[in-house]
Amino acid sequence: MHDLVQEASTGAVEPVNPVVPAPIDDTERYSRQVLFRGIGVEGQRKLQQGRAAIVGVGATGAATAGLLARAGIGHLTLIDRDFVEPSNLQRQVLFDEDDARASLPKAEAARRHLARVNSGVQVTAHIADLVPANIATLLDGADIILDCTDNFETRYLLNDFSVSESRPWIYAAAVGSYAATMNILPAAINTTSPTACLACIFPAAPGGNVETCDTAGILSTAVNLAASLQVTETLKFLTGQPHLMRRSLLSFDLWTGERSEITTSAPRQDCEVCGGHIFNYLAGVGRPHITLCGRNSVQIHEHHRPVDLLALRDRLSPLGTVRANGMLLRFERAPHTITVFPDGRALVQGTTDIGLARSLYARFIGS
């Protein structure tokens, strides 16, 4: 008997049928989690019927997605607009060097890795920028929404949508050695009294110089702390125990040991969002079509039109280095790199000048 063929009595060589791996038994897979008194057999059944949406599959999102898949959440929706780069590998646990070399979209790379972690979990990946026009579609059916983004504009959009739909969401942030999370439970969620919403605590986005991973760096341990806190609260909700969910904005600095907690047990009476039901972010009021997005780059998302990436590759090849994988195209013409997605959205790297980014887009992609 050989590894790939077996010799019949006639001396002829016949192929051996490939061995189909035996399925992993769920009873064994989740046995230690079921032993935990807070979950048990019934809680595990509820988790396997649960649906969670993760907005942003970078550092926090990758850790969160991995933990939820291993816990057996029935359906995960992944939404991310970006692609894997070498600088991600230090902390974004679902990606590897091959993903970075291929510049795979993070949502798709994460989906592929999660399929190998737990084939029983259904994962839907959306390579998209979450905006007012698509938020209802992309988040359709999610029982709970998990914020793993890197900007307050998207978080305020999530907050508007959550309050308007009475859908729970969890804010999470990590930068440097600092991690923070906050549960937002709007009215009418399993009869649980509502918490403050994001706008109750932060009526306006932080101003001035705000630290980012590109300016302050980040510890992978801070990312994993934020993800662990967020996932634990998600497990409470999906097992039907929202009354156990924390009602505070919790922050912790892993380097200094400093910890703070601000109560969110009740909405602010004069909040425009959860009190006045004024949803400016959901309505797209004042939403910029071109935004700075860190790491010396500009995002252009004012163009919503299909782009033929293969035709674009052929057109740009004489002008610079082009790589395309069917899900995105990267065009390098020093000192700039333009990454184009099928819906016309683009990331222009190598500048923070919005005017220059717009000019490069018009010159090489089309106005």
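The values are calculated or read from the model by the stated rules, or taken from the named source; none is laboratory data. For clarity, every value in this text was computed on a predicted model and none was experimentally measured. Counting neighbours? That spans all protein chains shown, and the Cβs are built from the backbone with ideal geometry, glycine included. Each accessible area value is taken on the protein alone, full model and side chains, heavy atoms only, with ligands, DNA and RNA left out. Shrake-Rupley method; radii C 1.70, N 1.55, O 1.52, S 1.80 Å.
Please compute the modelled spin-label separation between LEU138 and ASP25, points set 7 Å along Cα→Cβ, answer in nm with one decimal. Roughly 4.1 nm, to one decimal. Between ASP96 and SER260, the modelled labels are 4.1 nm apart [label points 7 Å from Cα along Cα→Cβ]. Here the scattering of segment 146-200 is modelled by Debye summation over its C-alpha atoms, one equal scatterer each and no solvent; at q = 0.25, 0.30, 0.31, 0.32 Å⁻¹ the log10 of I(q)/I(0) is -0.96, -1.25, -1.30, -1.35. In the context of the full set of protein chains, the chain has a per residue accessible area of 48 Å² (1.4 Å probe).
Take each peptide in 253-265, 232-244, count the other Cβ atoms within 10 Å of every residue, and average; sorted highest first, the result is 232-244, 253-265. Take each peptide in 267-277, 58-68, 79-89, count the other Cβ atoms within 10 Å of every residue, and average; sorted highest first, the result is 58-68, 79-89, 267-277. Summarising the label geometry, the points placed 7 Å from Cα in the beta-carbon direction at ARG112 and ARG323 lie 1.2 nm from one another.
One decimal place: the segment ARG287-THR352 gains 21.6 nm when fully extended, by the rule 0.36 nm per residue minus the C-alpha distance. Based on Cα contacts under 8 Å between residues 6+ apart, the chain shows a relative contact order of 12 percent.
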